[in-house]
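Report on the structure given below.
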Amino acid sequence: MKKSYSVFGLFFLIIVALVTIFLGFLFGLDNPVPWIVLASLAIIPYMHERNIRKEYIDWSAQYEVGVKLIDHDHQKLVGLLNQVVSAANFNMGESYVQSVIGELIDYTKYHFEREEGLMKESNYPDLEAHLDQHRQMIEQVETFAKKINERPNCEEDVCMEVYRYLKLWLINHITHTDKELGKYLQSQEQK
Ligand SMILES: [Fe+2]
């Protein structure tokens with residue numbers, strides 16, 4: 001509902017701006033008011049995109065754990081999370097939202113299985129604690145998926161709630177838990 005109010009508000013502002021431009025030009029092309037309003041209208045999409053870009057996660061070396069397979073999966077997850085931000089902010093439609101969230105959940109599970117495989121193969125001593133974090137994350141993501149099913153098309157900012165939770169979780173998990181795992185796997189390779 002909150003979202004439809006903001007869309008309505010933006011629509012209303014655009015109509016007011018267009019009327020102001022039209023009336024302003026009736027007073028002559030040298031009237032500065034319609035030009036100022038016109039310039040403001042042109043800036044809106046740029047500002048909107050800039051605000052959305054601030055939400056994106058920019059992949060950088062600080063997130064690398066030093067294991068090719070894990071880094072590849074993490075980059076893919078970050079890409080999917082950024083798509084959730086786009087879906088939430090560009091009104092991309094219900095089916096797109098559902099497919100991005102679905103892919104994010106499936107890829108998270110797939111990635112966890114791959115990571116767990118590496119931990120088991122290498123007899124990782126912190127396996128159980130790490131698995132526990134993965135289990136909790138899957139439970140949380142499935143709760144979000146149900147919520148999104150009830151309010152598709154990212155209504156009431158559900159997508160951004162999911163995104164902010166996952167962003168925090170993933171960055172925290174990568175920079176602490178997975179970095180530890182990365183160090184361990186690299187030390188095993190050197191043996
Ligand atoms: Fe992990």
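Among the candidates K146, K109, K167, single out the residue that is among the charged types (D, E, K, R) and exposed (fewer than 12 other Cβ atoms within 10 Å of the Cβ).
Criteria check complete, one pass: K146.
Quick one: in the stretch 1-48, which of the residues that are among the charged types (D, E, K, R) and within 27 Å of G93 (Cα to Cα) is modelled with the lowest pLDDT?
Within the stretch 1-48, the match that is modelled with the lowest pLDDT is K2.
Here are the criteria: (1) touching a residue at least 60 places away in the same chain (Cβ under 8 Å); (2) under 21 Å from the mean Cα position of the chain (by Cα); (3) within 11 Å of the ligand (Cβ to nearest atom). Tell me which single one M160 does not satisfy.
Of everything listed in (1) touching a residue at least 60 places away in the same chain (Cβ under 8 Å); (2) under 21 Å from the mean Cα position of the chain (by Cα); (3) within 11 Å of the ligand (Cβ to nearest atom), M160 misses just condition (3).
In the stretch 102-123, which residues are in contact (Cβ under 8 Å) with a residue 40 or more places away in the chain, over 19 Å from N82 (Cβ atoms) and away from the ligand (no atom under 12 Å from the Cβ)?
S122
Output yes when any residue across the stretch 23-33 is touching a Gly at 6+ places or on another chain (Cβ under 8 Å), outside the structural domain of I174 (by TED's automatic domain parsing) and open to solvent by 60 Å² or more (accessible area, probe 1.4 Å), and no when none is.
Yes - at least one qualifying residue is present in the stretch 23-33.
The values are calculated or read from the model by the stated rules, or taken from the named source; none is laboratory data. It should be emphasised that the depicted structure is a prediction, and the values quoted were computed from it without experimental measurement. With ideal geometry, Cβ positions are generated from the backbone for all residues, glycine too; neighbour counts draw on all protein chains shown. What goes into the accessible areas is simple: the full protein's heavy atoms, side chains included, and nothing from ligands, DNA or RNA. Shrake-Rupley method; radii C 1.70, N 1.55, O 1.52, S 1.80 Å.
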